[in-house]
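The values are calculated or read from the model by the stated rules, or taken from the named source; none is laboratory data. Since this is a predicted model, take the numbers as computed values, not measurements. Virtual Cβ from ideal backbone geometry, glycine too; neighbours counted across all protein chains shown.
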Amino acid sequence: MTNPILENIRRALGRPQETLLGLRPSILEPRTPASPDSEIAFFLEEIENLSGVGQKLAANEVETALKNLVSEQKIGKASVWNTPLLHDLKIAEHLRALGVDVIPPNASKHQIAECDLGVTEADFILPETGTLALRSSEEKPRATSLAPRVHLAIVTPAALRADLHQVFAEAKNSHYLVFISGASRTADIELTLVLGVHGPKNLYVWVI
């Protein structure tokens with residue numbers, strides 16, 4: 001007995017009933033990374049291709065970069081993860097000095113959604129696709145990267161991973177793993193691309 005749905009698909013593809021399946025495609029070899037500087041340049045290029053804004057910064061340039069971001073995006077309220085890197089860079093302290101109201105990351109989702117800016121780290125970055133991978137937890141809630149209209153992800157070269165299988169191997173015991181490739185985007189039935197419908201409209205990535 002044949003399946004009528006599969007028969008309709010077969011006819012639509014112009015394939016006779018006796019057509020055999022082809023051989024399984026070969027599994028690609030793991031990607032070989034280049035030098036860290038080349039990988040970072042590759043990663044930032046892909047961020048730009050995904051409508052994000054990426055740049056390399058020294059630690060002493062972060063305060064000025066934050067000032068520019070707050071002015072450009074008219075940031076009035078922000079939420080910042082409580083992590084050692086963001087603490088060492090004084091992200092929350094600099095934002096408060098700029099007149100930004102800083103909301104704790106463990107606030108309610110409604111309060112986080114009212115923020116203009118969410119600041120996180122990224123545990124892993126994948127240069128080939130310009131992808132950020134964030135391990136989320138009670139101390140690092142997902143909402144910070146998903147609800148505000150602007151997401152700022154701060155990373156270091158230590159987060160570089162050549163391939164996705166490395167990320168899965170290292171994050172297998174994580175509660176949640178969020179993958180972010182560019183700003184939130186969607187397209188209607190006429191393929192009109194719109195940014196920011198289901199998440200942040202703007203993505204900034206700073207490599208320290």
| Name the pairs: first residue in the stretch 37-58 and over 9 Å from Gly182 (Cα atoms), second residue part of a helix (DSSP H, G or I) and hydrophobic (A, V, I, L, M, F, W, C), Cβ to Cβ under 6 Å, at least 6 apart or on different chains? | Gly54/Leu44; Gly54/Ile47; Leu57/Ala65
| query | Looking only at the stretch 167-183, which residues are of a type outside the set (Phe, Trp, Tyr) and touching a residue at least 12 places away in the same chain (Cβ under 8 Å)? | reply | Val167, Glu170, Ala171, Ser174, His175, Leu177, Val178, Ile180, Ser181, Gly182, Ala183
| said: Take Leu6 and tell me if it is more than 26 Å from Leu126 (Cβ to Cβ) and in a loop (DSSP other than H, G, I, E, B). | reply: no
| said: It is to be established whether one or more residues within the stretch 23-35 are part of a strand (DSSP E or B), touching a Pro at 6+ places or on another chain (Cβ under 9 Å) and aliphatic (A, V, I, L, M). | reply: no
| task | Consider Asn82 carefully, then state whether it is of a type outside the set (Ser, Thr, Tyr), under 20 Å from the mean Cα position of the chain (by Cα), farther than 16 Å from His151 by Cβ and surrounded by 10 or more Cβ atoms within 10 Å (Cβ to Cβ). | result | yes
| field | Matching entry among Ser137, Ser108 (being among the small types (Gly, Ala, Ser), modelled with pLDDT under 90 and surrounded by fewer than 22 Cβ atoms within 10 Å (Cβ to Cβ)) | value | Ser137
| field | Residue among Arg15, Arg24 that is among the basic types (Lys, Arg) and surrounded by 10 or more Cβ atoms within 10 Å (Cβ to Cβ) | value | Arg15
| task | Quick one: which residue in Asp123, Asp88, Asp101 is among the acidic types (Asp, Glu) and either touching a Ser or Thr at 6+ places or on another chain (Cβ under 9 Å) or at pLDDT below 95 (or both)? | result | Asp123
| Are there any pairs, at least 6 apart or on different chains, whose C-beta atoms fall under 6 Å, with the first in the stretch 69-82 and within 15 Å of Tyr204 (Cβ to Cβ) and the second of a type in the set (Asp, Glu) and surrounded by fewer than 20 Cβ atoms within 10 Å (Cβ to Cβ), and if so, which? | Ile75/Asp116
| request: Could you check how many residues of the stretch 50-79 are surrounded by fewer than 13 Cβ atoms within 10 Å (Cβ to Cβ) and either under 20 Å from the mean Cα position of the chain (by Cα) or in a loop (DSSP other than H, G, I, E, B) (or both)? | output: 2
| Can you name every residue in the stretch 83-101 that is without any contact (Cβ under 8 Å) to a residue 60 or more places away in the chain and in a loop (DSSP other than H, G, I, E, B)? | Thr83, Lys90, Leu98, Gly99, Val100
